[in-house]
Amino acid sequence: MGLVMPKVPLEGRSWASTDDFYRALLAALGAPSWHGRNLDALEETFRAGDTNAVNLPVQICISAMASMGEEARQTVRRFQQLVKDLRAADIDINLQLR
């Protein structure tokens, strides 16, 4: 039987800005207070694998894409590309958007 990947559910309905995305994601991952709020910092975190309370492997599920503000939605799309790049480098992370 395969390893069950922990899920990190995020409800994006109230997100309007990039900061809303990072606030929710970093809190859900249990990131330290000093964690950067940008894609480079997230990439470093996922590559290191032991920075957050929730570490790899992980599946991040973001719902209410259609309801969030445009800025937040664009940030999620950039994060989606980062996840694709990480997966191509054999980093065990999944992203599900709804």
Mind checking which residues of region 23-42 are over 15 Å from Pro9 (Cα atoms) and either among the acidic types (Asp, Glu) or not in a loop (DSSP other than H, G, I, E, B) (or both)? Leu39, Asp40, Ala41, Leu42
Within region 36-61, the residues that are surrounded by 15 or more Cβ atoms within 10 Å (Cβ to Cβ), in contact with a helix residue (DSSP H, G or I) (Cβ under 6 Å, 6 or more places away or on another chain) and among the aliphatic types (A, V, I, L, M) are Leu39
Here the residues within region 43-70 that are outside any loop (DSSP other than H, G, I, E, B), over 12 Å from the mean Cα position of the chain (by Cα) and within 17 Å of Asp92 (Cα to Cα) are Glu44, Arg47, Ala48
Within the bounds of region 73-83, is there any residue that is more than 17 Å from Lys7 (Cα to Cα), part of a loop (DSSP other than H, G, I, E, B) and either in contact (Cβ under 8 Å) with a residue 12 or more places away in the chain or of a type in the set (Ser, Thr, Tyr) (or both)? no
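Here, each number is a calculation from the coordinates, and none is a lab measurement. Worth saying up front: this structure is predicted, and the values here are computed from it rather than measured. Here Cβ is always computed from backbone atoms with ideal geometry, including for glycine, and neighbour counts include all displayed protein chains.
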